[in-house]
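One structure below.
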Amino acid sequence: MTETSEPPGKSEDQNDAEGWIVLTRGRWTLYFLAALALTTILGVTLFLTTGEESFLCCPLSAFAVWIVWPPPSVRARRISASPGVPQLLAWLAFMILEVTGIAVFDVLVIGHGWMEPSKPYHLWLLIPLGVILILGVYFIDKRYQMSRQPSDKAGDSSSAADGSRADSSNG
């Protein structure tokens, strides 16, 4: 989340229209309640599958972060207002779905248990997915990199026009 200084007198509707949102403590609480529910489900699921009791501590991580972080309120860009971020999140979700599908296939079809050591074929399944993940992130970043950089074209053209006027007035 990035903080910026905006001109005073802008209303919250103007900030919203420009892709900014004010994250208050109440909104953070909603985000962390969702994270707490997700980590609880994940911890219980992992405990039931592996039998490791330490997975039941997963919700403590989200709770600890909620206690010590965030500030009372912060102004941040919306995800949809940041070029390339929605595409990167969709790509990440797709890749997580792929890895989950491979894990489920491995357990249900091949019969490889959760607690059994990995076999060499696991590398041949996961390394290509890692390469595809990195390539996807690279190409999405390349595509949206230009729109994230500040545009200096207007400043360059006005300075060039000023320079040409200065040259013509001198000669």
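If you plug each phi of segment 130-141 into the Karplus form 6.51 cos²θ - 1.76 cosθ + 1.60 with θ = phi - 60°, what whole-Hz ³J(HN,Hα) values come out, in order, with x for Gly and Pro?
x, 5, 5, 4, 5, 5, x, 5, 4, 5, 5, 5
For an R0 of 22 angstrom, estimate the FRET efficiency from the Cβ-Cβ distance between Arg77 and Thr100 and round to the nearest 0.05. List each step's numbers first, then the result.
Numbers: r = 30 Å, r/R0 = 1.35.
Here the calculated transfer efficiency is 0.15.
What Rg and what Dmax come out for segment 13-94 when only alpha-carbon atoms are used, in angstroms?
16.3, 52
Give me the one-decimal Kirkwood hydrodynamic radius in Å for segment 82-151, with the sum taken over alpha-carbon pairs. Let's see the in-between values first.
On the way: mean 1/r = 0.0713 Å⁻¹.
It is 14.0 Å.
Rule-based calculations on the coordinates, nothing more; no lab input. What you see is a predicted model; the values in this text were computed from it and never measured. Methodologically, a virtual Cβ is constructed for each residue, glycine included, from the backbone with ideal geometry; neighbour enumeration extends over all protein chains shown.
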